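Right, one structure below, let's go through it.
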Amino acid sequence: MPAPHLPTSPDDLRLPLRDLLRGARRTLHLPEAALKPALDMLPAPLGAFLHRVSALMPDLDPEARPVARADLDMVIRGMGGDKSRDISRAFARILAHAMDRVLDHTGDDALLVSETLAAMTFGDLEAPDRHGAAADLWIALSAGHVIAVAPGTPLGTAPEDLARIDAALHALFLWLLCERAETETAEDEILALCAALATATAAERAAALASHATLSAMLRHQSGLI
Amino acid sequence: MANAPLPLDAAQPVRKSVRRLRWFVQTFRAQMVQMQADTGIAFDLDAGKLSAAFLDWLRAFEAQRPGDPADRRPYAGFAAGLMLRTLLDHAPVRLVHPEQVQKADIPEHFWPEGFLYVTYCLNVRAAVLEQDFHEKQRSVPELHDLRTWWSFRENTAEDASAAIGFLDLFAGETPDWTMPGLFRSADAQTRALQDARSIVAQLNRPEPEQE
């Protein structure tokens, strides 16, 4: 049996901690302002620790911040074969950002995004071109249940949830493959357009998901229209 | 008519830009904002429906696209009509305050959504004709004639393809009312004209005397 992967430095804990905080935020629906009076009453060392933790807190307010252009550029290079450091983490942030904006959260269950699993999935990526990479990632993210009620497992994720997840991944990959906008704010507007296009082509998506080749071809064709 | 939406990508001709979703949505939104400013009528835009209209239009555009360069000019007009048909089909805008639209004696108030779609399609058409064919689109009285708008609204409610003929009418061209949804190439039109002349000639030929 292979040895379990154990963290060797505090930095290794950043993504799992963000996953935990993302899950807590999404589930508890507590605004940070509601917690502040309680945090102020804590002893100083504990307060300082929590302050450092809060810097890792994922931002779940979709209007709060546009996408980071540096992350976007890095991920696009990564889909083209660049294996530089930190690209996997940039992809995890991009995925989380896109899901905050385009994933339909109207279902009964809260769908969570695991940045840890997303980064690991991107790290395994090997594809000859960007469209093939997008299809690879889509299939691997779905198979690995990276976006799920309980990420990493199929538990609790209903068939209608899977349809919502595929629509959101469709929008994400159209966005990553299309022509770049001039500003970060405009990038988020293009992401919204990609979500609209994904909604309008649900039947085409369902057919294209039959194979890697058809998925890649659909993404190539549709991303050229945006 | 409302001011033309400006082409947002100066590096590309409008005929190419219009086949990009971002240009289509941005210019349509600009047209909508312009009409709101001109008339005070507020619209709500459904980006999903507009995207679906764009895709349907693109499919219809590619399906009938002619290969003969002689057909490029007439097809530019026909494609604008197809765009109007798909916008009417998908109805991507709705009025925010329908109760506030009271003056029904001008087209903008009689049918605000229809007026928005028509002005957008006419402006795209005008931009393509000017850029590619150095041709100015005519301004015709039908565009402001309420009776024409009554007919336009009633006929397109029954058959959306009639929109293609009405856009020709609003652009000052002669509509094809028999099969408005079918593009007929210059060659096909010439053959149809020759066939018609031949039939007329046969009808006018004196019958041979019986022996």
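The values are calculated or read from the model by the stated rules, or taken from the named source; none is laboratory data. Just so it is clear, the model here is predicted, and its values are computed rather than measured. Every residue, glycine among them, receives a Cβ derived from its backbone with ideal geometry; neighbour counts consider all protein chains shown.
Values for this structure:
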{"quantity": "Residues satisfying the stated conditions in segment B:136-149, i.e. over 13 Å from the mean Cα position of the chain (by Cα) and without any contact (Cβ under 8 Å) to a residue 40 or more places away in the chain", "calculated": "B:Lys136, B:Arg138, B:Val140, B:Pro141, B:Glu142, B:His144, B:Asp145, B:Arg147, B:Thr148"}
{"quantity": "Residue identified as within 14 Å of chain B (Cβ to nearest Cβ) and either in a loop (DSSP other than H, G, I, E, B) or crowded, with 19+ Cβ neighbours inside 10 Å (or both) among A:Trp138, A:Trp175", "calculated": "A:Trp175"}
{"quantity": "Residue within segment A:178-200 that is away from chain B (no Cβ under 11 Å), more than 15 Å from A:Val67 (Cα to Cα) and at pLDDT 95 or above present", "calculated": "no"}
{"quantity": "Criterion violated by B:Arg125 - all others in (1) closer than 21 Å to B:Glu62 by Cα; (2) of a type in the set (Lys, Arg); (3) without any contact (Cβ under 8 Å) to a residue 40 or more places away in the chain satisfied", "calculated": "(3)"}
{"quantity": "Of the criteria (1) free of Cβ contacts under 8 Å to residues at least 24 places away in the same chain; (2) not in a helix (DSSP H, G or I), which one B:Glu173 fails", "calculated": "(1)"}
{"quantity": "Wholly enclosed helices (runs of 4 or more DSSP H) of segment B:12-77 bearing at least 3 residues at the interface with another protein chain (Cβ under 9 Å from one of its Cβ atoms)", "calculated": "B:21-39, B:47-64"}
{"quantity": "Checking A:Glu204 against (1) acidic (Asp, Glu); (2) over 19 Å from the mean Cα position of the chain (by Cα); (3) away from every other protein chain (no Cβ under 11 Å), the condition it does not meet", "calculated": "(3)"}
{"quantity": "Residue list for segment A:146-172, restricted to those being in a helix (DSSP H, G or I) and either within 14 Å of another protein chain (Cβ to nearest Cβ) or in contact (Cβ under 8 Å) with a residue 60 or more places away in the chain (or both)", "calculated": "A:Arg164, A:Ile165, A:Ala167, A:Ala168, A:His170, A:Ala171, A:Leu172"}
{"quantity": "Members of segment A:71-124 found to be assigned to a loop (DSSP other than H, G, I, E, B) and under 12 Å from the mean Cα position of the chain (by Cα), listed by number", "calculated": "A:Leu103, A:Leu111, A:Ser114"}
{"quantity": "Identity of the residue in segment A:207-224, closer than 18 Å to A:Leu176 by Cβ and away from every other protein chain (no Cβ under 13 Å), that ends up surrounded by the most Cβ atoms within 10 Å (Cβ to Cβ)", "calculated": "A:Leu219"}
